[in-house]
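See structure below.
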Amino acid sequence: MRNKIIIAIISVTAVFFGANMASAASAPAPADCALTAADVAQIAAVQNNPTLTYLEEVKQELAVRKSLIAKIIACAQGQADALQGELANAQVPADATALKSQLIDKLSDADNFYGIESGKLDQAGIAGTQAIAKELLAWRASSYAPLAGEVNNFILWSENQALFVTAANRMDETRRAVTFLESISNDSDLEASLGDAESSFAAAQAKNMEAKTALAEFLPPDQSLATIKESLGLLSDTYQKFSNVSDLIKKVLPQ
C-alpha cells in the first residue's frame, strides 16, 4: 500500500510540473517544483528503518508525505500567482479589459483552491493525503491546465495587437501612395498588387478577430493558439505584399 502511495505522489508531481519521473534516480529537481530523488529517499528511509514500530513508521511517513504534498501545492500556488501578476501587468485593448478581469478572477479561484487543499493537510491521515493528491491531479488536468493555456494565449494575442495597428497604418500609407501615383500613371500592376495586400490584410484581421472570439468563448487553448498563429502568418504575408507594392512604386516614380 505504501509503495502505491509513493507512486501516486510522483504521478501528481510529474503531471503538475512536466517532470520525467519514471524513476527516483532520474527525477529532476527544477526550483523546488518537482519531487526529487532525495524526497523519495526520505520515505524509503522511514519504511526501511528497522528501529521503528509500525505506528512510528506510519506517523513519520505521513509527516514526510504531508510535507511533500505541501511543497507541491506551494509551488503550484506560486505558479498561479506569477501568471496572475503577468496578466495583471499585460497591456490589453480597451475592448478586451472585461476578458482580462474574468481571467484574473479565475486565477484567484485557482489560488483559493490550492489554499483549501493545503488546509486539508493538517487533519489528513494516509487516506486523506491520497484523496488530496487525487483531487489536485484531477483538478490540475481539468481546470488549471486549460486556464493557464487560455491566459498565456490571451497575453500573446494582446501583445500582437500593436502589430496589427502598425500594419493598418502601413496599409493606409501604401493606399495613399498608390492613389497618388494612379493619378499620374495608370499602372494596372500597381493596382493589382495593392489589391493583393488589402486582401491579405483583411484575412489577417479576420483571423485576429476569430482568435479574440475563441478566447472570449473559452474554447480549447490549442484552438485559440492555432488561430493566433494563422493570423500572424497572414500578417507576415501582408508585409511581403507591402514589399511588392513598394518595389512597383519605385519603378513608377520618376528617376
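Coordinate-derived values only; no laboratory data. Only a predicted model underlies this, so the values are computations on that prediction, with no experimental measurement involved. Neighbour counts are summed over all protein chains in view; Cβ atoms, including those assigned to glycine, are modelled from backbone coordinates with ideal geometry.
Using only alpha carbon positions, build the gyration tensor of the stretch 140-255, then give the equivalent ellipsoid semi-axes as the square roots of 5 times its eigenvalues, largest first, whole angstrom.
Ellipsoid semi-axes (Å, largest first): 38, 10, 10.
With a bin width of 5 angstrom, please list the P(r) values of the stretch 84-155 as percents of all Cα-Cα pairs, from the 0 bin to the one holding the largest distance.
Going out from 0 Å in 5 Å bins, the stretch 84-155 shows 3, 14, 23, 18, 14, 11, 8, 5, 2, 1, 0 percent.
Where does each of Tyr114, Tyr54, Tyr239 land when they are ranked from fewest to most other beta-carbon atoms within 10 angstrom?
Placing the least packed residue first, the sequence is Tyr54, Tyr239, Tyr114.
If neighbour count is taken as other Cβ atoms inside 10 Å, put Thr36, Thr166 in order from fewest to most.
Thr166, Thr36
Which lysines, if any, have their Cα less than 29 Å from the Cα of Lys66, not counting same-chain residues under 8 positions apart?
Hits, sequence-local ones excluded: Lys4, Lys106, Lys120, Lys134.
How do Lys251, Lys212 line up, fewest other C-beta atoms within 10 Å first?
If I rank by nearby Cβ atoms, fewest first, I get Lys251, Lys212.
By the scheme Lys and Arg +1, Asp and Glu -1, what is the net charge of all other residues having a beta-carbon under 12 Å from that of Gln102?
On the way: positive: Lys100, Lys106; negative: Asp105, Asp109, Glu150, Glu217.
Once all neighbours under 12 Å are counted, the net charge is -2.
Find the lysine pairs in the stretch 157-252 meeting two conditions, Cα atoms under 19 Å apart and a separation of 8 or more places or different chains, and report how many there are.
6
How much length, in nm to one decimal, is gained on full extension between Glu182 and Asp105, taken as 0.36 nm per residue of separation minus their Cα-Cα distance?
On the way: separation 77, 0.36 × 77 = 27.72 nm, distance 5.35 nm.
Going from the current span to full extension adds 22.4 nm.
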